[in-house]
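Asker: One structure, as structure tokens, below. Some questions next.
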Amino acid sequence: MSKKQVKVALSILLAGSLFAAVGCSSQSSGTDAGTGNNSAPKTGGTLSISLDADPPKLDPAFSTALVDRMVFQSIYDKLVDVNENGEVVPMLAEKWDVSPDQKSYTFTLREGVKFHDGTDFNAEAVKFSLERGMDKASNRKNELNDIEKITVVDAKTIKIELKQPFAPFLSILSDRAGMIVSPEAVKKYGDEFLNHPVGTGPFVYKERQKGSSITLEKNPNYWQKGLPYLDSVTYKIMNDANVALMNLKSGQVDITNKFPYKEIENVKNDPKISVVNEPGQGYQGIHLNTSKAPFDNKELRRAVDLMIDRDAIVKVVLSGAGSAAHSPFSKSHFAYGDSDKVEQPNVEKAKELLKKAGKENGFSFTLKLGTSPTNQQVGQMIQNMLKPAGITVNLEKVEFGTMLEQSKTGNFEAVSLGWSGRPDPDQNIYDFATKGGSNNYAQYYNPEMDRVLKEARQEGDQAKRKAGYDAAMKILNDETPYVYLYHDHNVFGVSKSVQGFTYYPDGLIRTANISKN
């Protein structure tokens, strides 16, 4: 056995032990924001989780929203997952082997796993799900674009061959691209699968009231023995974090996925609720449509970027629960560096850029943004920040699902949309800044950017990858197709009746190990 094979084998053994501690133990690990006691988890009961937006699509192949991913954690299992330290660990794949050239991955799958509809999980189902994600209509196509061939070796073994080395591959399989759906359910429901989702997860989809709630029931045949503890999970749609907090305090919800930043300090000694406040992997900002006026002009984009006081936004809106950003990389990423440092607003320099662009007397644009109080407050601050340079910002409130559709079709001048973040830096930048990228709403294209980012994702050496991302950010911070505002923390409100809530760095709520006292 080569040194590389030994290293892979050891990492797999370590990953397996980590998964056993996280996924199969009857005790919670990491951040237990509920009771904090070590008593045996109770079985039964309903967990209510508030979401700040209505999940648009309950189909991992077509999802583009964070709130979708919150629900997915209960419905779908993935080939691999991440643990509370952000490390890739086994899930539906018990183990895997990577070829010396890093182009071939062979996964050994769990046996005896069933989909919610009673059909078998096996290598054919994995092949079906991955190929569905690779389809040109799927939002996962760019994530899985490097797959050359998928071979079903036998029912419990699948081999995936890549076109070239792809460093983020396992990380990508820990999210939507690695979620395995029931082939029979997809064939049965077709385009309506998003309203009839079927996976192998701890909970089974029951019903939804559009704009109001999504209800899941316990999977009695879940492969992790003894789990889940709860009888059901209900996701309640509450756009206003203050309303969600009121419901948390009254016991109408048990966990909120958003928390009013200004209330964090106020509830420190609350006997009924706890707050989980941890740095996330994502960012918030504004896509500028480079395909049409006014933002087909680089100087106008740079002027907008230059006039925003990010530190003020973090202080006023987030009450410190975040950090100013000028890149897609937070401190949790190895790609984090000087590119994330922000310039202080400079009116004179901004006016020089306007003059160069032929807009000496200023210009106006419409900024589309979500309906939450946080969205509105950030929008109003930006509106006021740009006025001194003669830039007028017209704010337009848009429902979240509609805003996503308008962004995908280019129906905007500027749109405020963030990214919840991923463990590998590639997933925070590649699809946003390359030609045809699924999240490249700015319709930005620079062949040098494409080249640099492609090389970075194929490079196995982390230091060389970091240099590649530094080079990419020099281009992005100059051309400014996206205005980075801040890295927000993941802040959850959790009832102290909840036991086993564990914080994961991807900011997603896992429900399998949660119980209620």
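Asker: Could I get the Rg over Rh figure for the range 59-134? Both from C-alpha atoms, Rh via Kirkwood, rounded to two places.
Answerer: Working: Rg = 13.7 Å, Rh = 14.1 Å.
With Rg and the Kirkwood Rh in hand, the quotient comes to 0.97.
Asker: When the Karplus curve 6.51 cos²θ - 1.76 cosθ + 1.60 is applied with θ = phi - 60°, which whole-Hz ³J(HN,Hα) does each residue of the range 166-171 get, with x for Gly and Pro?
Answerer: With the stated coefficients, the range 166-171 comes to 9, 4, x, 4, 5, 4 Hz.
Asker: What is the calculated FRET efficiency for residue 192 to residue 399, with r their C-beta to C-beta distance and R₀ = 35 Å, to the nearest 0.05?
Answerer: On the way: r = 22 Å, r/R0 = 0.62.
Step by step, r from the Cβ atoms, then E = 0.95.
Asker: Which order do peptides 65-78, 376-389 fall in by mean Cβ count within 10 Å, highest first? Display every interim value, and only then the final one.
Answerer: On the way: 65-78: 23.4, 376-389: 17.4.
Taking the mean over residues of other Cβ atoms within 10 Å, the ranking is 65-78, 376-389.
Asker: OK, next. With a cut-off of at most 16 other beta carbons within 10 Å, and DSSP calling the residue loop, which GluC sites (Glu not before Pro) in the range 262-356 qualify? Please list them. Before the final figure, lay out each step's value.
Answerer: Details: sites: 263, 265, 299, 343, 348, 352; in loops: 343.
Within the range 262-356, the qualifying GluC sites (Glu not before Pro) (loop, at most 16 other Cβ atoms within 10 Å) are 343.
Asker: A follow-up question, please. Kindly flag which residue pairs out of 225/268; 258/368; 95/163; 258/496; 236/331; 127/331 have an alpha-carbon separation exceeding 24 Å in this structure. All intermediate terms of the calculation are to be shown ahead of the outcome.
Answerer: Values: 225/268 36 Å; 258/368 21 Å; 95/163 22 Å; 258/496 17 Å; 236/331 32 Å; 127/331 35 Å.
225/268; 236/331; 127/331, as the Cα separations exceed 24 Å there.
Asker: Let me ask something else. Treat every Asp and Glu Cβ in the chain as -1 and every Lys and Arg Cβ as +1, leave all other atoms uncharged, and give the resulting dipole magnitude about the Cα centre to the nearest 20 debye. The partial results should precede the final answer.
Answerer: Numbers: 63 positive and 64 negative charges, 25 e Å.
With Lys and Arg at +1 and Asp and Glu at -1, about 120 debye.
Asker: Let me ask another. Could you work out how much longer the chain between residue 445 and residue 346 gets when fully extended? Use 0.36 nm per residue separation minus the Cα distance between them, nm to one decimal.
Answerer: Details: separation 99, 0.36 × 99 = 35.64 nm, distance 2.74 nm.
That pair, residue 445 and residue 346, stretches by 32.9 nm at full extension.
Asker: Let me ask another. Could you tell me the distance between the Cα centroids of the range 475-514 and the range 116-192, to the nearest Å?
Answerer: 26 Å
Asker: Something else about it: Neighbouring Cβ atoms within 10 Å as the yardstick, rank 511, 392 fewest first.
Answerer: Numbers: 511 25, 392 12.
If I rank by nearby Cβ atoms, fewest first, I get 392, 511.
Asker: Which value in deg cm²/dmol, rounded to the nearest 500, describes the helix-derived mean residue ellipticity at 222 nm for the chain, given -39,500 (n - 2.57) per DSSP H run of n ≥ 4 and division by the residue count?
Answerer: After summing the helix terms and dividing by residue count, I get -8500 deg cm²/dmol.
Asker: How big is the convex hull of the Cα atoms of the range 284-489, per residue, in Å³?
Answerer: Numbers: hull volume 22.4 nm³, N = 206.
Dividing the Cα hull volume of the range 284-489 by its residues yields 109 Å³.
Asker: Distance from the Cα centre of the range 420-445 to that of the range 302-379, in angstrom?
Answerer: Result: 19 Å between the Cα centres.
Asker: Same structure again: Which trypsin sites (Lys or Arg not before Pro) does the range 256-297 hold that lie in a coil by DSSP with at most 14 other beta carbons within 10 Å?
Answerer: Those that pass, being in a loop and sparsely packed, are 268, 272, 292.
Asker: Which of the GluC sites (Glu not before Pro) found in the range 78-133 are loop residues per DSSP with 12 or fewer other Cβ atoms within 10 Å of their Cβ? Write down the numbers at each step before the final one.
Answerer: Details: sites: 84, 87, 94, 111, 124, 131; in loops: 84, 87, 111.
Those satisfying the criteria are 111.
Asker: If one computes P(r) from the Cα atoms of the chain, what percent of pairs lie at distances over 36 Å? Walk me through the intermediate numbers first.
Answerer: Working: 41807 of 133386 pairs.
Percentage above 36 Å: 31.
Here, each number is a calculation from the coordinates, and none is a lab measurement. Everything numeric in this text was worked out from a predicted model, so none of it was measured. Virtual Cβ from ideal backbone geometry, glycine too; neighbours counted across all protein chains shown.
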